[in-house]
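First up is the structure itself, then whatever we jot down about it.
What follows is calculated from the coordinates using simple rules that are stated; it is not laboratory data. No experiment lies behind these values; they were computed from the predicted model shown. Because the Cβ atoms are built from the backbone with ideal geometry, glycine has one as well, and the counts that use them run over all protein chains shown.
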Ligand SMILES: NC(=O)C1=CN([C@@H]2O[C@H](COP(=O)(O)OP(=O)(O)OC[C@H]3O[C@@H](n4cnc5c(N)ncnc54)[C@H](OP(=O)(O)O)[C@@H]3O)[C@@H](O)[C@H]2O)C=CC1
Ligand SMILES: O=C(O)[C@@H]1CCC=N1
C-alpha cells in the first residue's frame, strides 16, 4: 500500500454501502484502515449477522438507518442475482449529484442504468478481496454522465485499497473479472493443492500447510516488493537439472498449468457474460 495515499482519503459527503458481504466488507475494511470517517458511512444489509452488527456498531457506522442524508456515493455490492431488486431500493437514494459505483460481476452499465433514474452517473468496477489490506486491484469504466470530479473521487476510493486501471471498452470487463476478480481464489487454491501434494509426498499435514501458505505468500510478496517480472523470479529458482526443473517439466507441459488456467479463465469469462444477461 502506498502510505502517501492515506492522508488524501476523504469524502465530499455520505457513502452508502449496499451489501456488506465479503467484497463490500473488504472495501469497507480497506477504507477504515486508512482513516475514512465512519460517520460518513451508511450500510444497508437486510439480514446482518451478529458479527456484522457488532462490528459496525463498534466502529460507529450506521446500519440500515431509517433515514439518511442523500449520499454522494452509493457502492453497490450485492450478488448479481438480486440486482433489479437492489436497484429499486438504491434508486430512492440517487439524485443528479449521486455517483453509483457497482462492483457486481456481469452487471453492465446498461443494466445498471436501466434500473436507476435517467442520467445517473455510474461507474462499473471489478475489485478483488486483497483490497481489505490495501493490496487489491480494481478495473473501472464510467458512463457518459460521470463528471471529472466523480471520476477522480472513484479513483481515490479504489486507489486507497490498491491499484486501479481504467478501461474504455466494457467488453473487457468479463475477462478482467475472470483474471483479477476471481484470481485470488486461484492463488488460494494453489496453496491448498500444494499443501495436499506435500502430504502425498510424505509431509505431516500441518507442516505441509505451513510451507505451502508461507511459500505462496512469500513468493507474492517477493514479486510485489522487487517489481521483478514473474518469469525472472521463476528462473531464479530453477537450477539446471535440479528439482524445480523436474517439477516445471510437468507444470509447463502443453496440458499443464497454463492450459488449465486458460480453460479456467475462459469458463469464468463466459460465466461473467451469462451473469450480464440476467
Ligand atoms: N467476493 C469477491 O471476491 C468479489 C465479489 N465481487 C462482486 O461483489 C458482489 C458481492 O459479492 P460477495 O461480497 O462475494 O457476496 P456476499 O454474499 O458476501 O455479499 C453480499 C451481501 O449483500 C447482502 N444483501 C442481500 N440482499 C441485499 C439487499 N437487498 N440490499 C443490501 N444488501 C443485501 C447479503 O446479505 P445476506 O448474506 O444476508 O443475503 C450479503 O451480506 C457480487 O456482485 C460479486 O460479483 C466482485 C469482485 C470480487
Ligand atoms: O465469483 C464471483 O462471481 C465473484 C466475482 C469475482 C469474484 N467473485
Gained length - residue 232 relative to residue 66, 0.36 nm times residue gap less alpha-carbon distance: 54.2 nm
Residues 158, 223, sorted so that the one with the fewest Cβ neighbours within 10 Å comes first: 223, 158
Label-point separation in nm, residue 152 to residue 247, each point 7 Å along Cα→Cβ: 4.8 nm
225, 57 arranged by Cβ crowding within 10 Å, fewest neighbours leading: 225, 57
Percent antiparallel among DSSP beta bridges (both partners in the chain, rounded to 5): 15 percent
Value of [θ]222 nm, deg cm²/dmol, for the chain, DSSP H segments ≥ 4, -39500 (n - 2.57) each, nearest 500: -14500 deg cm²/dmol
Rounded FRET efficiency, nearest 0.05, which uses the C-beta distance separating residue 114 from residue 92 and R0 of 25 Å: 0.95
Length-normalised contact order of the chain in % [C-alpha pairs under 8 Å, at least 6 apart]: 16 percent
